[in-house]
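Student: First, the structure itself, so that you have it in front of you.
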Amino acid sequence: MKIYDEIISFKTSKLAKKKGFDITSWFGNDASLYDKTGEHVYYSNYGLMGSGLSDDYIKAPTQTLLQKWLREEHNLFVEVRNCGAVLEYKATEWVIEFSFKIFGLSKTGGLFHRTFSKEFYKTTEDALEKGLIEVLKLIKIDLD
């Protein structure tokens with residue numbers, strides 16, 4: 001079984017950039033990027049000076065890397081849980097659930113839990129992608 005981490009979509013990458021995300025996903029010596037048309041590319045030698053890479057490229061991180069950045073930099077958490085719904089073909093659907101930590105609103109400083117969506121998705125990755133977009137929208141800064 002091949003296990004890999006999903007690259008976020010071009011739409012999500014553009015939104016993450018607006019919200020201050022600036023971390024490169026590396027696969028060996030190749031950087032994961034989107035060009036200005038939205039085509040995903042692995043760019044070799046990205047870190048070298050004079051590599052010829054234009055500023056039109058947008059970083060294309062994995063879902064896990066963006067999820068970690070949201071958690072560590074903004075105290076925003078995205079969770080995907082199995083809703084347990086069984087379809088005709090015994091396929092499981094997934095529902096997204098988001099939680100975020102707000103300090104100062106609780107005497108105990110506890111974790112506030114807020115559900116944004118009860119939409120169903122065929123895969124965990126699809127649900128997580130939607131969750132990442134919605135949580136990015138909570139960040140109040142735009143770096144345009």
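Each value in this text was obtained by applying a stated rule to the coordinates, not by laboratory testing. The shown structure was predicted, so the numbers you read here are calculated from the model rather than taken from an experiment. With ideal geometry, Cβ positions are generated from the backbone for all residues, glycine too; neighbour counts draw on all protein chains shown.
Student: Quick one: of K36/K122; K17/K140; K36/K68; K18/K122, which pairs are farther than 20 Å apart, Cα to Cα? The partial results should precede the final answer.
Tutor: Working: K36/K122 29 Å; K17/K140 13 Å; K36/K68 25 Å; K18/K122 28 Å.
Too far apart for the 20 Å limit: K36/K122; K36/K68; K18/K122.
Student: With labels modelled as points extended 7 Å from the Cα through the Cβ direction, what inter-label distance (nm, one decimal) is found for I58 paired with K122?
Tutor: Calculated label separation equals 2.4 nm.
Student: Would you kindly derive the ³J(HN,Hα) couplings of the stretch 123-132 from the backbone phi angles with the Karplus curve 6.51 cos²θ - 1.76 cosθ + 1.60 (θ = phi - 60°), listing them in order in whole Hz, with x for Gly and Pro?
Tutor: Residue by residue, the stretch 123-132 yields 10, 4, 5, 5, 5, 5, 4, 5, x, 4 Hz.
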